[in-house]
Every structure is written in structure tokens, then in C-alpha cells.
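The values are calculated or read from the model by the stated rules, or taken from the named source; none is laboratory data. If you're wondering where the values come from, they're calculated on a predicted model, not measured in any experiment. Every residue, glycine among them, receives a Cβ derived from its backbone with ideal geometry; neighbour counts consider all protein chains shown.
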Amino acid sequence: MFSFLKSRPIFWASVTGTTIGAAFFIKDLMQGERFKNAIKAENKVVIVTGSNTGIGKETARELAKRGATVYMACRDMQKCEEARDEIVLETYNKHVYCRQCDLASLESVRKFVESFKKEQQRLDILINNAGVMRCPRLLTKDGFEMQLGVNHMGHFLLTNLMLDLLKKSAPSRIVTVSSLAHTRGEINVADLNSDKSYDPGTAYNQSKLANILFTRELARRLEGTGVTANALHPGVVDTELFRHMGFFNSFFARFVCTYLSFQTAVLALH
């Protein structure tokens, strides 16, 4: 019955097909159900950090499609403008703006907030999406270990500086993109900045746990204000976050991860 598998090309083609099929099945299982609600976001002002690529870009695209005024807060303005042009042409929403915000610089975060508040009198949704993962040990401009500094410290400052507008615009919400990696994380109070020893995975896990702990405490403090705070695990997605991990730069991994998750935009709208 399976005599055709004696042919080596056919056998390996079968193995490859089965492997790819299994990978897609596991990915869809992890990704969750697709958001199908036609809810609009008109008259909503939204900030999405790190929105020139990956999850942030798709989130900005989805919210622009639904009529929101979207501020793309990014470090690289050239990539941001290119992403903005693509989103505006696709969605016909001209209310999409690029603004510089380097989360590795607290000064840059403060300047972004100051500029934003001169342009807008409200903020309905803040999406803390930007991040770095498993990079070599680097320091932010303020001396923080890069993953902790960008993934947590920068967003911590941004969120707190925007709380007045969020409260003024209530009901409003804060969405922070964390990761299931937080379950492996531990806040190393004895070496928070990884000065004594550094492991890329351990530092990343710590930063994602910091996201969760911050969100939980923020939600508690915001009870009764009309501002909600949530954190999410985005699932398996195609993102440049894996740039420092060799396997995820392979053709197979990028092929499997091509279909992007909309969970971030879903939580922002639901």
C-alpha cells in the first residue's frame, strides 16, 4: 500500500509536507481564534509603539482600517514613514502619523509625550508594543540593560506620563505586549541590570515578567477611573523581534510564521 514511499524523493517530500502541516496546526492552535467583530474605532486616538514592523505595524494597520487616529511611535523614522505610506494607501485613512520615540532613551520618551500633548487633547488607547529580544548585552542611553530598558522602563515612563490624558479620555485602555516567556522570568533584585552576569534569554524573561507585574499593579491602581490595563501574549507571529535568534531567521521558520496575529488590535478594541 505504501510502496511509493520507497522512492527517496517521494519519502522526503512526504516528510516535509507532514512537518509543515504539523507546524501550521500547532501555530494555529497557539494563535487562538481570529477576531471577526466589525467594531469601528472612529474618533479614537491611539498610540502604538514600535509600529514600523511586525505586530505593531499590523496593529496600526488594523486600527487605521477601523477609522482610528493612529500615532506610530518609532525609533527609526525612515522605516516608520515607509510603513505609514503603506498603511495610508491601503486603508485610505490619512489620520496616521509618524512620531519619533526611542524607548532606549527616557529623554526621547519625554519629548514624544510633550509633542503629543501639544497635538492632541485625548488618548483613548495606548499600546506598548515595541521590544527587543535576546540581543547581545547593550545599555540604553540611561544605562539600563537594553531588554529591561526598552521592554519595561521606557514603556513604564511613557504610560505614567500619559495617564492624565488616558483618565481624561475614559473609558480608555492600556495594552502591553508581553510574552509567555514571563512564566520563566524572575526579577533578579541582586543584579537587576545584569551587571554581574548576562544571559540574553534570562534578561528577556525578566523584562516580560516586569511587563506583567507592572500591568497588574497599574490595573489595581486604576480601578474606578475608567482606564483599563491589560497585558497579552501575542502568539506565534512573523516579527523582527527574532533577529538575534538564528533559527527564526531561517526560511522554514519565516514561512511558518508569515500569517500575523491580530490579538493586540483585538484586545485594544474588544
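Checked against the criterion of being more than 21 Å from the chain's Cα centre (by Cα), part of a loop (DSSP other than H, G, I, E, B) and surrounded by fewer than 19 Cβ atoms within 10 Å (Cβ to Cβ), the range 80-92 contains one or more residues that satisfy it. Considering only residues in the range 104-139 that are assigned to a loop (DSSP other than H, G, I, E, B) and touching a Lys or Arg at 6+ places or on another chain (Cβ under 7 Å), the one that is farthest from Asn52 (Cα to Cα) turns out to be Arg122.
How many residues are surrounded by fewer than 20 Cβ atoms within 10 Å (Cβ to Cβ) and in a loop (DSSP other than H, G, I, E, B) when one looks only at the range 141-168? Going through the range 141-168 one residue at a time, the tally reaches 3. Here Ala60 does not fit the description of being under 19 Å from Pro234 (Cβ atoms), in a helix (DSSP H, G or I) and more than 15 Å from the chain's Cα centre (by Cα). Return yes when Tyr92 is without any contact (Cβ under 8 Å) to a residue 40 or more places away in the chain and aromatic (Phe, Trp, Tyr) and no when it is not. So Tyr92 fits the description; yes. Within the range 183-203, the set of residues being in contact with a Ser or Thr (Cβ under 9 Å, 6 or more places away or on another chain) and either under 16 Å from Asn128 (Cα atoms) or part of a loop (DSSP other than H, G, I, E, B) (or both) comprises Gly185, Glu186, Asn188, Asp191, Ser194. Regarding the range 138-157, can at least one residue be identified that is more than 24 Å from Leu192 (Cα to Cα) and free of Cβ contacts under 8 Å to residues at least 60 places away in the same chain? Within the range 138-157, not a single residue is more than 24 Å from Leu192 (Cα to Cα) and free of Cβ contacts under 8 Å to residues at least 60 places away in the same chain. Being closer than 19 Å to Ser108 by Cβ and of a type in the set (A, V, I, L, M) is a description that does not apply to Met133. Pairing residues of the range 176-198 that are under 13 Å from Ala210 (Cβ atoms) and at pLDDT below 95 with residues that are of a type in the set (D, E, K, R) and not in a strand (DSSP E or B), at Cβ distances under 7 Å and at least 6 apart in sequence or on separate chains, gives Ser178/Lys208; Ser179/Lys208; Ala181/Lys208; His182/Lys208; Gly185/Lys208. Would you point out the residue of the range 102-140, among those that are out of contact with any Phe, Trp or Tyr (no Cβ under 9 Å at 6 or more places or on another chain) and basic (Lys, Arg), that is surrounded by the fewest Cβ atoms within 10 Å (Cβ to Cβ)? So the residue we want is Lys118. Scanning the range 63-79 for residues that are part of a helix (DSSP H, G or I) and surrounded by fewer than 22 Cβ atoms within 10 Å (Cβ to Cβ) returns Lys65, Met77, Gln78, Lys79. The residues of the range 80-101 that are farther than 14 Å from Glu58 by Cα, out of contact with any Phe, Trp or Tyr (no Cβ under 7 Å at 6 or more places or on another chain) and basic (Lys, Arg) amount to a single one, Lys94. Entry remark, the range 169-182: residues being within 20 Å of Val48 (Cβ to Cβ) and assigned to a helix (DSSP H, G or I) number 0 in total.
Screening Thr228, Thr239 for residues that are closer than 20 Å to Thr49 by Cβ, at pLDDT below 90 and under 19 Å from the mean Cα position of the chain (by Cα) leaves exactly one candidate, Thr239. Among the residues making up the range 50-81, those that are within 22 Å of Arg122 (Cβ to Cβ) and among the aliphatic types (A, V, I, L, M) are Ala60, Leu63, Ala64, Ala68, Val70, Met72, Ala73.
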